[in-house]
Structure formats: C-alpha cells, structure tokens
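Undergrad: I am attaching a structure below and will ask some questions about it afterwards.
Derivation of every value follows stated rules applied to the coordinates shown; laboratory data play no part. From a predicted model like this one, the values you see are computed outputs, not experimental measurements. FYI the Cβ positions are ideal-geometry reconstructions off the backbone, even for glycines, and counts take in every protein chain you see.
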Amino acid sequence: MIGIFKAEFESEGTGLPSDEYLTQLLHKEYFGVFVAKNGNQVVGGATTYELIKYYSEKSELYSYDIAIQNGFQNLGIGKKLMAYIKEYGSENGMESVYVQAESDNILAVRFYETTIGLGEKVQHFTMDYNE
C-alpha cells in the first residue's frame, strides 16, 4: 500500500520506514489503515488518525492519505473507501471525519466535495525540523 501512496503522491524517491516501525504503528489505537483489494491484489488504501479533543469527549477522525492505484481509479473504489471511513467513524463515536486537500489539486477537491461535502478555506503551516 505504501508503494501505491508513493506512486500516486509522486514521492517514490523517498525511503521506507523499517518493518519494526510499521508494525509498532499498526498497533497504535489512534492509527487506522483501510485497504482496497481486487482479489488478492491491494489496489488502494487510506490511513486515518483519531484526534482526541480537549473541548469535547468525542474525537475527530482525520483521513490523512487515500490513494487508488493507477488503472483502478475512477471505478468507485475511493468512494467506497471514504464511505467505509465515514461508517467506521460513526460506529466508533467520532464527532466528525475531516481531510485536507491542496486547493490546486482539483481532482482531490472534487473527490472530497462529492464524498464529504463542501470544504472550507484554511491556511496550513508546516515547520520542518530538518531545515
């Protein structure tokens, strides 16, 4: 699934975390992985994080990455993944599900508008510790 993310997000030159790290991450209660398969082949997936809030007893579900392998896109797989993520959040008492998309990524914005609803304009700031 990581290979699909790397290809679709054009980050194939970056390294992979160790198997030990990934195993530890998969055991974290706040981290979720949703896999889309065609037979035995992984063709897409999504990752989520549960964000525990201080001002409410209900958490939010943050959909961090979602990608479908080239050749399997536009078949409704991404919509099914998002529907499952929304269902998972509802069944697990989340207050909401949210996702970020770069405003110039028109395909992503349209996808989220059809699967979640209208977005809101926000500014996102990142401080990189390695620079």
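Undergrad: Being of a type in the set (G, A, S) and touching a residue at least 12 places away in the same chain (Cβ under 8 Å) is the filter here, so list the residues in segment 104-131 that pass it.
TA: Of everything in segment 104-131, just one residue is of a type in the set (G, A, S) and touching a residue at least 12 places away in the same chain (Cβ under 8 Å), namely G119.
Undergrad: Okay, next question. Please give the number of the condition T126 fails out of (1) surrounded by fewer than 12 Cβ atoms within 10 Å (Cβ to Cβ); (2) out of contact with any helix residue (DSSP H, G or I) (no Cβ under 8 Å at 6 or more places or on another chain); (3) within 21 Å of V43 (Cβ to Cβ); (4) of a type in the set (V, I, T).
TA: Looking at each condition in turn, T126 falls short on (3).
Undergrad: Another question, then. Tell me, yes or no, whether segment 94-104 has at least one residue that is out of contact with any Gly (no Cβ under 6 Å at 6 or more places or on another chain) and in a helix (DSSP H, G or I).
TA: no
Undergrad: Here is a follow-up. Tell me, please, whether a residue that is acidic (D, E), free of Cβ contacts under 8 Å to residues at least 24 places away in the same chain and either surrounded by 16 or more Cβ atoms within 10 Å (Cβ to Cβ) or within 22 Å of L107 (Cβ to Cβ) (or both) can be found in segment 3-13. Reasoning before the result, please.
TA: At the first step, the residues of segment 3-13 found to be acidic (D, E) are 8, 10, 12.
The next check asks that each one be free of Cβ contacts under 8 Å to residues at least 24 places away in the same chain; those that pass are 10, 12.
Those still in the list that are either surrounded by 16 or more Cβ atoms within 10 Å (Cβ to Cβ) or within 22 Å of L107 (Cβ to Cβ) (or both) too: 10, 12.
So far as segment 3-13 goes, yes, one or more of its residues are acidic (D, E), free of Cβ contacts under 8 Å to residues at least 24 places away in the same chain and either surrounded by 16 or more Cβ atoms within 10 Å (Cβ to Cβ) or within 22 Å of L107 (Cβ to Cβ) (or both).
Undergrad: When you go through Y88, Y62, Y112, Y49 one by one, which is the residue that is surrounded by fewer than 16 Cβ atoms within 10 Å (Cβ to Cβ), under 12 Å from the mean Cα position of the chain (by Cα) and not in a loop (DSSP other than H, G, I, E, B)? Walk me through it before giving the result.
TA: Working: Y88 fails: under 12 Å from the mean Cα position of the chain (by Cα); Y62 fails: surrounded by fewer than 16 Cβ atoms within 10 Å (Cβ to Cβ); Y112 fails: surrounded by fewer than 16 Cβ atoms within 10 Å (Cβ to Cβ).
Every option except Y49 fails the conditions.
Undergrad: Out of the residues in segment 69-85 that are in contact with a strand residue (DSSP E or B) (Cβ under 9 Å, 6 or more places away or on another chain) and assigned to a loop (DSSP other than H, G, I, E, B), which is surrounded by the most Cβ atoms within 10 Å (Cβ to Cβ)?
TA: Among them, the one singled out is Q69.
Undergrad: Oh, and also: List every residue pair whose Cβ atoms lie under 8 Å apart, where the two residues are 6 or more positions apart in sequence or sit on different chains, the first residue falls within segment 83-103 and is touching a residue at least 12 places away in the same chain (Cβ under 8 Å) and among the β-branched types (V, I, T), and the second residue, located anywhere, is surrounded by 16 or more Cβ atoms within 10 Å (Cβ to Cβ) and in a helix (DSSP H, G or I).
TA: Partner pairs satisfying both residue conditions: V97/I85; V97/K86; V97/G89; V99/Y112.
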